1. Would it be correct to say that residue 84 is at pLDDT 95 or above, on the phi < 0 side of the Ramachandran plot and touching a helix residue (DSSP H, G or I) at 6+ places or on another chain (Cβ under 8 Å)?
2. Across segment 153-207, what is the total count of residues that are within 20 Å of the chain's Cα centre (by Cα) and acidic (Asp, Glu)?
3. What is the residue count in segment 151-171 for residues that are over 23 Å from residue 57 (Cα atoms) and outside any loop (DSSP other than H, G, I, E, B)?
4. Filter segment 76-102 down to residues that are under 13 Å from the mean Cα position of the chain (by Cα) and over 19 Å from residue 51 (Cα atoms) and give me whichever is surrounded by the most Cβ atoms within 10 Å (Cβ to Cβ).
5. For segment 191-212, which residues satisfy the criterion of being within 18 Å of residue 105 (Cα to Cα), loosely packed, with under 14 Cβ neighbours inside 10 Å, touching a residue at least 12 places away in the same chain (Cβ under 8 Å) and not polar (S, T, N, Q)?
6. Looking at segment 142-150, is at least one residue under 26 Å from residue 193 (Cβ atoms) and part of a loop (DSSP other than H, G, I, E, B)?
7. For segment 145-182, what are the residues that are without any contact (Cβ under 8 Å) to a residue 40 or more places away in the chain, closer than 21 Å to residue 203 by Cα and open to solvent by 60 Å² or more (accessible area, probe 1.4 Å)?
8. Within segment 115-131, can you find the residues that are open to solvent by 10 Å² or more (accessible area, probe 1.4 Å) and among the aliphatic types (A, V, I, L, M)?
Amino acid sequence: MLIAIEGIDGAGKTHISRKLARALSASGRRAVYVDKKDISFGDGFADGRLALLKEALWPTRGEPGQDLLGTRFYLHLLAAWFAAAGQYFRRQAARDGDALHVMDGSYFRVIAKAHLRSGIAVEELRGFFTDAAEPDLVVLLDLEPRVAWARRSAFKETEIGRWDGFTGDPQEAFCAYQQQVRQILRRLGEQQGWVVVDQGTLHDDADIVGHIVPHVGRILARTRTQAAGARPPDG
């Protein structure tokens, strides 16, 4: 089972993903946190290709203030990354189908940002990610951008919206940009039935995790029921 924690930059996706995985493990389930930027197959060739792609997408030297390569260039690179992640999760499911994988985000934020930047229709954008792993549960950490800004000491150029034409004061640019990303994610969540965590109401990490855990339990129960129904009768 794959659980994806989504939200704007600075919403706490990695933090909550790790805490959720620990809480699920503490409850007796086999759960592991997966960093979507750190997929490994344990194979020299495959992992070498991923290392090159990772550096192209998330350069260690940081990002420039503008992009000369265009939206579709990065869409194809990200599609390749999430296709590899999809292959990784399919292999994991074949080896240990009962494990819960909690990932800090998925391709949905990529779609939201690409739609905002280029105007490409969401359905067309989804076509880039047909080989990505589809989460069994998506949780949207809904947060006001100004609160997200206050949580971190630094943001990348893309997170501030520089590549999307947001200029001027970094904080104001970040808030204006992320608010638009937030609205697209909320629309996607409404359309697809995501679990939405209102961080204006739920502030404490334990409360947020406690809100998510029952949803995981319901998905697991439904999966077990479906699996039982698919088994042929005895005799």
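The values are calculated or read from the model by the stated rules, or taken from the named source; none is laboratory data. Only a predicted model underlies this, so the values are computations on that prediction, with no experimental measurement involved. Virtual Cβ from ideal backbone geometry, glycine too; neighbours counted across all protein chains shown. Quick note on the areas: whole protein, heavy atoms, side chains included, nothing else; ligands and nucleic acids left out. Shrake-Rupley method; radii C 1.70, N 1.55, O 1.52, S 1.80 Å.
1. yes
2. Qualifying residue count, segment 153-207: 5.
3. Here the count works out to 2.
4. Looking at the filtered set, the residue picked out is 102.
5. 198
6. The answer is yes, given that some residue of segment 142-150 is under 26 Å from residue 193 (Cβ atoms) and part of a loop (DSSP other than H, G, I, E, B).
7. 146, 150, 153 - these are the residues of segment 145-182 that are without any contact (Cβ under 8 Å) to a residue 40 or more places away in the chain, closer than 21 Å to residue 203 by Cα and open to solvent by 60 Å² or more (accessible area, probe 1.4 Å).
8. 116, 120, 121, 122
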